[in-house]
Amino acid sequence: MLTTQYSSWFILLCLAVGAGYAALQYSANAPWSKQRNYALAALRFAVVSFLCYLLLAPVIRTTTTHTEAPALVLAVDNSQSVELFTPKNVLSQATTGLARLAETLRSKGFAVETRTLTSTPARPARLDSLRFSAATSDLDQLLSGTRDAYEDRNLAGVVLLSDGLVNRGRSPAYSDFNFPIYSVAVGDTIPKRDLRLTGLTYNRVAFSGNKFPIEAELGFEGYAGGAATVELREGNKVLDSRRVGLPAGRRRVRTTFQLTAPAPGKRRYEVRIVPQAGEFTELNNARTAFIEIVKGKLRVLLAGAAPHPDLKALRAAILANDNFDLTLALPGVAPLKAGADFDVAIMHQLPAQGELGNEILAQVKARKTPALYIIGAQSDLGAYNQLGAGLTVQPRGAQTDEVTPLPNPGFARFAMDEESARRFAQYPPAPVPFGDLRLGTGAEAALWQRVGRVPTQKPLLVFGGATDHRQATLLTDGSWQWRLSEAVAHDDKPEAYDRLIIRTLQLLTQNANKKRLDVYPTQDVFGTQDDVTLGAETYNAVFERLYNQQIDLTLTDEKKQTRRFSFANPEDGSPLHLGPLPAGLYRLQARATLGGQPQQDAGELLVQAQPLEALESKADHNLLEQLSRRSGARLYYPAQMDKLAQDIIKANYKPVITAEEDLKDLINLKWIFFVILAFLTVEWAVRKYSGSV
């Protein structure tokens, strides 16, 4: 259809212009016949009129209609359990009935497609080559994939052939589907005599020395009124065993094991039901729990030469974090108990003049406890210089400088954010000894001194000491003013000061409470059909997350054969995919260099040849009936295939007719140019041939 935005009366004007132009050109006597003159005038009239019409910007409007037949999807649960537990004659009746149903519906104008658990767009399923070989059943993915594939299409419904068993993904009962689901139930609804562990509940992390539970859920069929023996094992050692009653009228019971967490490390525990006579299968009698045992709360010793405002500020900063336990020690006021053990110590003005508090200092030195030394007016700098803390202080009399903290941008062992640096600049000045300050080998300054507004590279907070005895030094006993002023300025939230103290203690203790490299399986046990995946976490020296770190992984199986992988941990947290692995227990050994320091981690990975499809034999037809009822359909059995075909036809699903409209400017059609050119060429050639131009 040709349309234009101008009035149709303009077409008459175009014709008038064309007629006038032709009359003007061909009204005089011509050296050719009248018939030829009229023909040439008609050509000129047509060309000029059409060119004028093009000035009206005409468009061609085309409408194309499409008819989409109603589609019906045959969704087949081709998992192993269907073939294992469905009588052969019933399964044959079901597959034959599906083929007959597809043929009947195609003859009625339906578009029929077959989808299975294992089919893909590149490898679509065919009823004549159907194999029940899928190792797992994820009905929700099958139905959701169908819904997504037929979005905005004329999907009449889905015929779902299944036993209703789901052992992967979530249950389809919790999903919403906008199409009828005609379920065809197969499988065996008669329960088999069986004992099985249906689940383990536990925390992945436990603190060393603390008690933690492992809760086991037992499922049972055919053993009601009896009892089962459940064992908790670590390797070949039975840690605990108990007799669990199986009450009548129930199908599941729970029992809980209480364990005391051993030394830090990764532990693998197995909960196992001792098999009984007549069990259908023993493959589902055991489950494995992997638990990371870590050290408990960090124990902090806060010791001072005498009462001081710093002690209160430090105590408040430490107790604001739940991961620390604090003990305060003051000579003559709160003496330190003999034999007390700590993870880190804060030595305020210790060593002190007059050998005050030397007994505390002796315990810290003897145990090589990581320590933060705070220098003040009572400090014995000569004795301090003998500690090997990475800093030597040579004072010039009793003179001091008044300084504020300035972050060292080259210190990479923990990061100082911009907000903390801004708050540091607002701190009141605190006194530090004036003199010669020298860093030892391997020592680094985390903070420099800012004198007034002048930044310097004199150290204020230094980390040093031997590898087996980490030490730090803060060169002022006036930091209490910093916390107080920050609390006043920021609504009682001295976050920068507290973060500085906590990060300092964390850096001194490093791996005392957490590893900087942690590589772990993303689930407790993998099947031989699973894509084995590993998660990886990396941290800097104060346990802030790092990403895109290069990690080398060695995987060793029970035959001492190794596989090596190299990967990086991305920011989106996606795991390392190893693909399916043979059954067995694998040892993990991971290595990485973080902040210039080599780190490693070790663990275990369990792959079990556990045929999930054989673990549950009783078909769940209730699930299928629920799916059909919620979608407005009903449940059928293989013998009712003809009835199913009749019901689908009676539902009177209609084709969907869609119209598509397209607008195109007439002047953009290239062939029109050549038609006009041909007309003009014919006119010119005739005039030339007849003796006139």
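The values are calculated or read from the model by the stated rules, or taken from the named source; none is laboratory data. From a predicted model like this one, the values you see are computed outputs, not experimental measurements. All Cβ positions, glycine included, derive from the backbone under ideal geometry; neighbour counts span all protein chains shown. Note: accessible area is taken over every heavy atom of the protein model, side chains too, but ligands, DNA and RNA are not part of it. Shrake-Rupley method; radii C 1.70, N 1.55, O 1.52, S 1.80 Å.
Between Ala329 and residues 5 or more places away or on another chain, which pairs have amide H atoms under 5 Å apart, with H built 1.01 Å from N, and which residues are they?
Those qualifying (amide H under 5 Å, at least 5 residues apart or on another chain) are Leu302, Ala303, Gly304.
Once amide H atoms are built 1.01 Å from N in the peptide plane, which residues 5 or more positions from Gly376, or in another chain, come under 5 Å H to H?
Amide H to amide H, under 5 Å and 5 or more residues apart or across chains, Gly376 pairs with Gln349.
Can you check what the net charge comes to around Ala352, using other residues whose Cβ is under 13 Å from the Cβ of Ala352 (Lys, Arg +1; Asp, Glu -1)?
Value of the local net charge: -4.
Given H placed 1.01 Å from N in the peptide plane, which residues other than close sequence neighbours of Arg115 have an amide H under 5 Å from its amide H?
Residues meeting the amide H criterion: Leu74, Ala75, Val76.
Cut-off 15 Å, label point 7 angstrom out along Cα-to-Cβ of Leu283: give me the residues of region 558-597 whose amide nitrogen falls inside.
Under 15 Å, as judged by backbone N against the label point of Leu283, lie 583-584 of region 558-597.
Between Asn89 and Ala398, what is the label-to-label distance in nm when each label sits 7 Å out along the Cα-to-Cβ direction?
About 11.0 nm separates the two model spin labels.
What Kirkwood radius, in Å to one decimal, follows from the Cα pairs of region 122-187?
About 13.2 Å, per the Kirkwood formula over Cα pairs.
Out of all DSSP beta bridges with both ends in region 209-361, state the antiparallel percent to the nearest 5.
So the antiparallel bridges in region 209-361 amount to around 75 percent.
Kirkwood hydrodynamic radius of the chain from all distinct Cα pairs, in Å?
By the Kirkwood definition, the hydrodynamic radius is 34.1 Å.
Applying a 10 Å radius around every beta-carbon, put 246-258, 187-199 in order of their mean neighbour count, most first.
187-199, 246-258
Where a Cα-Cα gap under 21 Å defines reach, which lysines qualify for Lys34, not counting those fewer than 8 residues away within the same chain?
Partners found: Lys688.
Between Ala334 and Arg147, how high is the FRET efficiency from 1/(1 + (r/R0)^6) when r is the Cβ-Cβ distance and R₀ = 60 Å? Nearest 0.05.
That pair, Ala334 with Arg147, gives E of 0.30.
Using 14 Å as the cut-off for backbone N distance, which residues of region 248-266 belong to the label zone defined by a point 7 Å from the Cα of Phe212 along Cα→Cβ?
The answer is 257-266, whose backbone nitrogens lie closer than 14 Å to the label point.
Testing the spin-label approximation: label points 7 Å from Cα along Cα→Cβ at Asp436 and Arg545. State their distance in nm.
So the label points at Asp436 and Arg545 sit 4.8 nm apart.
Toward the positive end of the charge dipole of the chain, about the Cα centre and with charges on Cβ (Lys, Arg +1; Asp, Glu -1), which of Gln523, Asn154, Val184 goes farthest?
Asn154
Mind giving me the FRET efficiency for Ala678 and Thr120? R0 is 45 Å, r the Cβ-Cβ distance, nearest 0.05 is fine.
Rounded to the nearest 0.05, the efficiency is 0.25.
Kirkwood hydrodynamic radius, region 3-126, all distinct C-alpha pairs: what's the number in Å?
Evaluated on region 3-126, it is 21.5 Å.
In whole percent, and with a 1.4 Å probe on the protein chains, what portion of the accessible area of the chain is carbon and sulfur?
Answer for the chain: carbon and sulfur cover 52 percent of the accessible area.
Calculate how many DSSP beta bridges within the chain are antiparallel, expressed in % of all such bridges and rounded to the nearest 5.
If we restrict to bridges inside the chain, about 70 percent are antiparallel.
Extension gain Arg251-Thr533, at 0.36 nm per residue separation less the Cα-Cα distance, in nm?
98.2 nm
What stretch of the chain, leaving out the sites themselves, is the longest with no GluC sites (Glu not before Pro) in a DSSP loop having at most 15 other Cβ atoms within 10 Å?
283-543
Can you give me the convex hull volume of the Cα atoms of region 227-326, divided per residue and expressed in Å³?
165 Å³
For Lys297, list the lysines whose Cα falls under 29 Å from its own Cα; do not include residues on the same chain fewer than 8 positions away.
Lys211, Lys266, Lys312, Lys337, Lys365, Lys368, Lys493, Lys514, Lys515
Have a look at region 561-693 and give its Rg and Dmax from the Cα atoms, expressed in angstrom.
37.2, 102
Please state the shape class of region 131-247: rounded when a/c is under 1.5, otherwise prolate if a/b exceeds b/c and oblate if not, all from the C-alpha gyration tensor.
It is prolate, given that a/c is not under 1.5 and a/b is the larger ratio.
Work out the charge dipole of the chain with +1 on the Cβ of Lys and Arg and -1 on the Cβ of Asp and Glu about the Cα centre, then indicate which of Ala651, Thr533, Phe342 is farthest towards its positive end.
Ala651
So what is the 222 nm mean residue ellipticity for the chain from helices alone, if each DSSP H run of at least 4 adds -39500 (n - 2.57) and you divide by all residues, rounding to the nearest 500 deg cm²/dmol?
Computed mean residue ellipticity for the chain: -8000 deg cm²/dmol.
Between the alpha-carbon centers of region 25-50 and region 457-482, tell me the distance in whole angstrom.
Rounded to whole Å, the Cα centres lie 106 Å apart.
Between Gln589 and Ser690, 0.36 nm times their residue separation minus their Cα-Cα distance comes to what?
Here the answer is 26.5 nm.
What are the trypsin sites (Lys or Arg not before Pro) within region 421-481 that DSSP puts in a loop, where the Cβ has at most 15 other Cβ atoms within 10 Å?
Those that pass, being in a loop and sparsely packed, are Arg453.
Quick one: if you stick a label point 7 Å off each Cα along the C-beta vector at Phe411 and Lys560, how many nm between them?
4.8 nm
Taking the Cα centre of region 617-693 as origin and charging only Cβ (+1 Lys, Arg; -1 Asp, Glu), how large is the dipole, in debye to the nearest 20?
120 debye
Any chance you could run the full-extension gain for Glu571 through Leu2? It's 0.36 nm times the residue separation minus the Cα-Cα distance, nm to one decimal.
199.1 nm
Enter the per residue convex hull volume of region 397-540, computed from alpha-carbon coordinates, in Å³ rounded to the nearest integer.
It comes to 163 Å³ per residue, whole-number rounded.
For region 282-344, list log₁₀ I(q)/I(0) at each q in 0.19 Å⁻¹, using the Debye formula over Cα point scatterers of equal strength and ignoring solvent, two decimals each.
Cα-only, vacuum Debye calculation for region 282-344: -0.80.
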